[in-house]
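Novice: Encoded as structure tokens, here's the structure I'll be asking about.
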Amino acid sequence: MAAGYPAGRRFSTSNGPVGSVLVPVMIIGLLGDFPLSWVLITLCRPAHPGLIHGAVFGAGLFAVGWALAVRSVSSAIPHVIDERTLWLGGGTRYEGSISRALIHSVHTFQESRYAWAAANQLHLSDVLIVSRPDSPNVAIELEDSAMNQVRLSRKGKVIAPRRWILLYADRPKDLAAALSSKALAAA
């Protein structure tokens, strides 16, 4: 359970199309670093070729570590819904909660966020994307009064919400149904 999150229904964010393949792609990419270091050594003829191999390999390991960290964070911090509140999860980009009373509507979508915004005649500057690295698949429209009541933060700084909040969930239809229902069954 994410520290400080209440008991409620949890919606994971770790099995998206990008999140699921991020680590394997980075590991496979690490294999390409060996030929790269050989090419650098052949072209530059350095006095210490082991240093070049180590630097290139270290950079590749850093990338794999980053991918593992992103996957771990998205697994550890789900979206949580209780009777009154949606607690945003899905990564370290934004944190905060939204009262369910301030949610006007919830929609799921499968197209890209650009296509969704164009279909709804919105600019991406009108929306707040809270989940990364996967593309959002749930759109939450806030009530007009929510602009002064919702408190979100990014890296410790309080930010103003926008009318639309886009997020990713592994089961978007279940999340939308839970937010739309008047009575939430205990998880």
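Novice: Take the Cα gyration tensor of segment 1-96, multiply each eigenvalue by 5, square-root it, and list the three semi-axes largest first, rounded to whole angstrom.
Specialist: So the three semi-axes of segment 1-96 are 42, 12, 8 Å.
Novice: Which of rounded, prolate or oblate describes segment 94-187 when judged by the alpha-carbon gyration tensor and an a/c cut-off of 1.5?
Specialist: Because its axes are fairly even, with a/c under 1.5, segment 94-187 counts as rounded.
Novice: Right, here's the next one. Report, to the nearest 10°, how far helix 33-44 tilts away from the longest principal axis of the Cα atoms in the chain, using its own Cα long axis and a range of 0 to 90°.
Specialist: In the chain, helix 33-44 runs at an angle near 40 degrees to the longest axis.
Novice: Express in Å², to the nearest 10, the accessible area of Glu111 obtained by rolling a 1.4 Å probe over the protein heavy atoms while all chains stay in place.
Specialist: Per-residue accessible area (Glu111): approximately 80 Å².
Novice: Taking a probe of 1.4 Å, how large is the accessible area per residue of segment 1-91, in Å²? Numbers along the way, then the final one.
Specialist: Numbers: 5280 Å² over 91 residues.
Per residue, segment 1-91 has an accessible area of 58 Å².
Novice: So what is the 222 nm mean residue ellipticity for the chain from helices alone, if each DSSP H run of at least 4 adds -39500 (n - 2.57) and you divide by all residues, rounding to the nearest 500 deg cm²/dmol?
Specialist: Calculated mean residue ellipticity at 222 nm is -12500 deg cm²/dmol.
Novice: Considering amide H positions built from the backbone, and no H for Pro or chain starts, which residues 5 or more places from Ser105, or on another chain, come under 5 Å of its amide H?
Specialist: Residues meeting the criterion, in which the H sits 1.01 Å from N, are Glu141.
Novice: How would you classify segment 1-160 from its alpha-carbon gyration tensor, with a ≥ b ≥ c the square roots of the eigenvalues: rounded for a/c under 1.5, else prolate if a/b is greater than b/c, otherwise oblate?
Specialist: prolate
Novice: Applying a 10 Å radius around every beta-carbon, put 124-133, 162-171 in order of their mean neighbour count, most first. Could the numbers behind the result be given before it?
Specialist: Numbers: 124-133: 18.2, 162-171: 21.7.
In descending order of packing, they fall as 162-171, 124-133.
Novice: What is the distance in Å between the Cα centres of segment 1-68 and segment 120-187?
Specialist: The distance from the Cα centre of segment 1-68 to that of segment 120-187 comes to 30 Å.
Novice: Taking the Cα atoms of segment 46-124, what is the range of coordinates along each of the three principal axes, in descending order and whole Å?
Specialist: Rounded to whole Å, the extents work out to 66, 32, 17 Å.
Novice: Given springs between every Cα pair under 10 Å in a Gaussian network model of the chain, which of Ser145, Ser74, Ser14 has the largest fluctuation?
Specialist: Ser145
Novice: Mind running the shape call on segment 13-60? Use the C-alpha gyration tensor, a ≥ b ≥ c as the square roots of the eigenvalues: rounded below 1.5 for a/c, prolate if a/b tops b/c, oblate otherwise.
Specialist: Numbers: a/c = 5.67, a/b = 3.40, b/c = 1.67.
Prolate, since a/c reaches 1.5 and a/b exceeds b/c.
Novice: On a 0 to 90° scale, report how tilted helix 17-31 is relative to the longest principal axis of the chain, with both axes built from alpha carbons and the result rounded to the nearest 10.
Specialist: With rounding to tens, the tilt is 10 degrees.
The values are calculated or read from the model by the stated rules, or taken from the named source; none is laboratory data. Please read these numbers as outputs of a predicted model, since none were measured by experiment. Using ideal geometry, Cβ is built from the backbone for each residue, glycine included, and neighbour counts are taken over all protein chains shown. Heads up: the accessible areas ignore ligands, DNA and RNA and are worked out on the full protein's heavy atoms, side chains in. Shrake-Rupley method; radii C 1.70, N 1.55, O 1.52, S 1.80 Å.
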